[in-house]
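What follows is a single structure, written as structure tokens, with notes after it.
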């Protein structure tokens, strides 16, 4: 799964990497975002395309349509790639609300096989330290003065393999530049978007990771010390 990630570079850092040919309609600056512990339930800058322009909008991380709220189901923060295009909850978002989450890396907690109460957080990032673009799906109203309660987004996850499986059995779906732009494009058919998600994401072999402080477990903590490697991991 993906339950915490970082988004600490300036907007310009991510945009320069994805460098869309289409017009970018939102403001771009060189002020660091400084978010080292992005948690569900908070508003996150989301890349999305409307007509031929790329936008950055703050959207709540978590999605709970009205019928799910009535049945007391908690907000979802992730959607599995295996069912994202067919499930009752996510199919409309997949067809009409594809988006990207800019990130530098994400956190996963590795469990001690002999005692699952013991968990060690790890920070996972691209081996080349390039920005990451998580495939996401969303429903939101950018022009509304008051956002509806069911506005939000989820990050798509896939099964882990190779060495990354040792940390966690799920991972966020990370797209490279070309696939990310095609994913955003409203002219991309859902069938093609599913093909990108299922077959063309960046493989686990492209990532590296190291253990970090358990302080990342509290959303009150935020700072570069959270991503620094530690020498005495619990697991």
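With the requirement that a residue be exposed (fewer than 13 other Cβ atoms within 10 Å of the Cβ) and either in a loop (DSSP other than H, G, I, E, B) or modelled with pLDDT of 90 or more (or both), what does region 57-82 give you?
Those that are exposed (fewer than 13 other Cβ atoms within 10 Å of the Cβ) and either in a loop (DSSP other than H, G, I, E, B) or modelled with pLDDT of 90 or more (or both): 58, 71, 72, 73, 74.
Touching a strand residue (DSSP E or B) at 6+ places or on another chain (Cβ under 8 Å), in a strand (DSSP E or B), modelled with pLDDT under 95 and surrounded by fewer than 17 Cβ atoms within 10 Å (Cβ to Cβ) - does that describe any residue in region 7-23? Write out each step before concluding.
As a first pass, look at region 7-23 and keep what is touching a strand residue (DSSP E or B) at 6+ places or on another chain (Cβ under 8 Å): 7-11, 14-15, 18, 20, 22-23.
Now drop any that are not in a strand (DSSP E or B), which leaves 7, 10, 23.
Filter once more, keeping what is modelled with pLDDT under 95: 23.
Remaining after also requiring surrounded by fewer than 17 Cβ atoms within 10 Å (Cβ to Cβ): 23.
Within region 7-23 (the criterion being touching a strand residue (DSSP E or B) at 6+ places or on another chain (Cβ under 8 Å), in a strand (DSSP E or B), modelled with pLDDT under 95 and surrounded by fewer than 17 Cβ atoms within 10 Å (Cβ to Cβ)), the answer is yes, since at least one residue qualifies.
Which residues, counting only those in region 152-181, are touching a residue at least 40 places away in the same chain (Cβ under 8 Å) and over 22 Å from residue 6 (Cα atoms)?
Those that are touching a residue at least 40 places away in the same chain (Cβ under 8 Å) and over 22 Å from residue 6 (Cα atoms): 161, 162.
Assuming residue 163 fulfils every condition listed in (1) modelled with pLDDT of 95 or more; (2) over 19 Å from residue 78 (Cα atoms) apart from one, which condition is it?
Residue 163 satisfies every listed condition except (1).
Could you check how many residues of region 29-53 are farther than 26 Å from residue 94 by Cα, outside any strand (DSSP E or B), in contact with a strand residue (DSSP E or B) (Cβ under 8 Å, 6 or more places away or on another chain) and touching a residue at least 24 places away in the same chain (Cβ under 8 Å)?
1
Checking residue 128 against (1) under 29 Å from residue 208 (Cα atoms); (2) at pLDDT 95 or above; (3) within 13 Å of the chain's Cα centre (by Cα): exactly one of these is not met. Which one?
(3)
Go through (1) in contact (Cβ under 8 Å) with a residue 12 or more places away in the chain; (2) part of a loop (DSSP other than H, G, I, E, B) and name the single condition residue 111 misses.
The one condition residue 111 does not meet is (2).
The values are calculated or read from the model by the stated rules, or taken from the named source; none is laboratory data. Worth saying up front: this structure is predicted, and the values here are computed from it rather than measured. Glycine gets a Cβ as well: all are built from the backbone with ideal geometry, and neighbour counts include every protein chain shown.
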